[in-house]
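The values are calculated or read from the model by the stated rules, or taken from the named source; none is laboratory data. Predicted model, so just to flag it, every value in this text is computed and none were measured. Glycine also receives a Cβ, built like all others from the backbone with ideal geometry; neighbour counts cover every protein chain displayed.
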2 protein chains.
Amino acid sequence: MGTSPRRPAGISAEEAYEHLRQAIHNGELGPNERLVEATLADRLQVTRGVVRTALIRLTQDGLVVRTPNRGAHVRMFTEAEAVEILQVRAALEALTARQAALNATDQEIAAIRRQLDQMTLKLKQDDLLGYSEGNAKLHAAIIAAARHGTAAQLIAGLRAQLVRFQFRTILVAGRPPKSLAEHTAIVEAIADRDPDAAEIAMRQHLTSVVSALDKTATAIRRRFSPVDSTHAA
Amino acid sequence: MGTSPRRPAGISAEEAYEHLRQAIHNGELGPNERLVEATLADRLQVTRGVVRTALIRLTQDGLVVRTPNRGAHVRMFTEAEAVEILQVRAALEALTARQAALNATDQEIAAIRRQLDQMTLKLKQDDLLGYSEGNAKLHAAIIAAARHGTAAQLIAGLRAQLVRFQFRTILVAGRPPKSLAEHTAIVEAIADRDPDAAEIAMRQHLTSVVSALDKTATAIRRRFSPVDSTHAA
DNA sequence: AGCAACGATCCTGTCTACAAGATTGTGCAA
DNA sequence: TTGCACAATCTTGTAGACAGGATCGTTGCT
């Protein structure tokens, strides 16, 4: 069934969607690049209808812009929009922190703590990339513990939109220790099952991230583009 | 062009999408109702492809669920999901209140104030429906003043999902005066250009709405369904 | 030489037909 | 009577073709 003669080299509709999504994420399809249905269909070895469907979904995801009778292109984010997205993420993650404090099981709290320990270790080893990865995992663990499907889904969507904007705020001078302290506060609040404190701590943390981001904004604007990391701090 | 012979009674793709959206909203298409492409195409006087496209969009909007090879049906929300959606809305509207305090022009603030006065008047006249409408307008005005496209878009999406769940919390005993006081606090904070106060006030307001909702939950559960209002308080 | 109208080309939007998958009902056997 | 297998039907998914709109280059006129 895997590579039956019926499908010479083609892929399914879902695969096509994922493929395009990935292509946008990793920059294979750059911002503002035109997305001609026939061309993509040819490249992915699917029919135009499949590509069309995928583009409609991606439009609804906010990754693609379609103008009637004039085709689709990869959405370009302004810096202002990137800030907006981060602000919304901050609001939503604050909610998940609160919910995590309310709903997390002991096992989940243990897992969160372990993740924080990992980050501490990485920082001690001056492994900033590792730290950044740990950071992403910690946030993911908190979101999972929150058991809040709606918030999780929206956050995932926002993350997806921002992938090409993922800056390593961790590289800002003096940021790592501060970041660790903020994360510690969040984890402690959740472990204490104190929703208010958890929410406030997460809020402070993400506000701090935004301002760190502002500091790097000019640097980014300068050599426009290319930070392709998948991790934010 | 209006009713050209080319389109005997058919409607465009966008219209079909809007039509289905409305049909779900006003209950014409009930929760869990099966959405057979051919049937809908026949009813709307469009081809199946158009319906198909609309269903894909509605799926991404969260109004419809599609299972591969097995068709689409109207999404059913559990009570828990409704609460989740309201929680997220609360977080996002708190953000817009903050942004409104920061970004609103004098004219926008005047408009917001005017809206609040309207609500006060309606309440004095015991016009609860009018009050509820005014409430919706006030929130809309605040969102507009916030100039935060990302948040506005997500809130709109969440509102759309919840339409069939829009309860008239305003009907809860003793709620109207409290609601008005909360709104007044929000408006004052925005007018004072105090973002923290605005955010807190909005947060408190929506928390209060959620708890009012909880009180009506049993009543709703009892005679399952039918509140078709478009306004929440 | 500059500008406007026209025409060719490219691309999207829509339609019809066909193939594959899922469900339901029926008949046969235990 | 109950359970299973098979067949008919219904529905989705895909393919290919066509028509309409947009863009761009060319030609003719001023």
Residue check for B:Leu40: free of Cβ contacts under 8 Å to residues at least 24 places away in the same chain and buried (at least 18 other Cβ atoms within 10 Å of the Cβ): yes
Test for B:Arg43: is it within 16 Å of DNA strand C (Cβ to nearest atom), more than 10 Å from chain A (Cβ to nearest Cβ), more than 30 Å from A:Gln87 (Cβ to Cβ) and at pLDDT 90 or above: yes
The listed residue being under 17 Å from the mean Cα position of the chain (by Cα), on the phi < 0 side of the Ramachandran plot and free of Cβ contacts under 8 Å to residues at least 60 places away in the same chain, out of A:Glu93, A:Glu81: A:Glu81
Among (1) farther than 29 Å from A:Asp61 by Cβ; (2) within 18 Å of the chain's Cα centre (by Cα) - the single one B:Ala101 does not satisfy: (2)
Within region B:97-127, considering residues that are in contact (Cβ under 8 Å) with a residue 40 or more places away in the chain and not in a helix (DSSP H, G or I), the one farthest from B:Thr184 (Cα to Cα): B:Thr105
Filter pass, B:Ala94 being crowded, with 20+ Cβ neighbours inside 10 Å and away from DNA strand C (no atom under 12 Å from the Cβ): yes
Hey, A:Ala38 over 16 Å from the mean Cα position of the chain (by Cα) and either over 20 Å from A:Arg21 (Cα atoms) or within 13 Å of chain B (Cβ to nearest Cβ) (or both) or not: no
Long-range neighbours under 9 Å by Cβ, at least six apart or interchain, first residue crowded, with 23+ Cβ neighbours inside 10 Å within region A:192-206, second not in a helix (DSSP H, G or I): A:Ala198/A:Asp192
Index of the failed condition, B:Thr59 passing every other in (1) touching a residue at least 12 places away in the same chain (Cβ under 8 Å); (2) more than 14 Å from every other protein chain (Cβ to nearest Cβ); (3) more than 17 Å from the chain's Cα centre (by Cα): (2)
Tally of residues being within 12 Å of chain B (Cβ to nearest Cβ) and modelled with pLDDT of 95 or more across region A:65-87: 1
Check on A:Val163, touching a residue at least 60 places away in the same chain (Cβ under 8 Å), away from chain B (no Cβ under 14 Å) and within 25 Å of B:Ile155 (Cα to Cα): yes
The listed residue being within 14 Å of another protein chain (Cβ to nearest Cβ) and of a type in the set (Asp, Glu), out of B:Glu93, B:Glu133, B:Glu108: B:Glu93
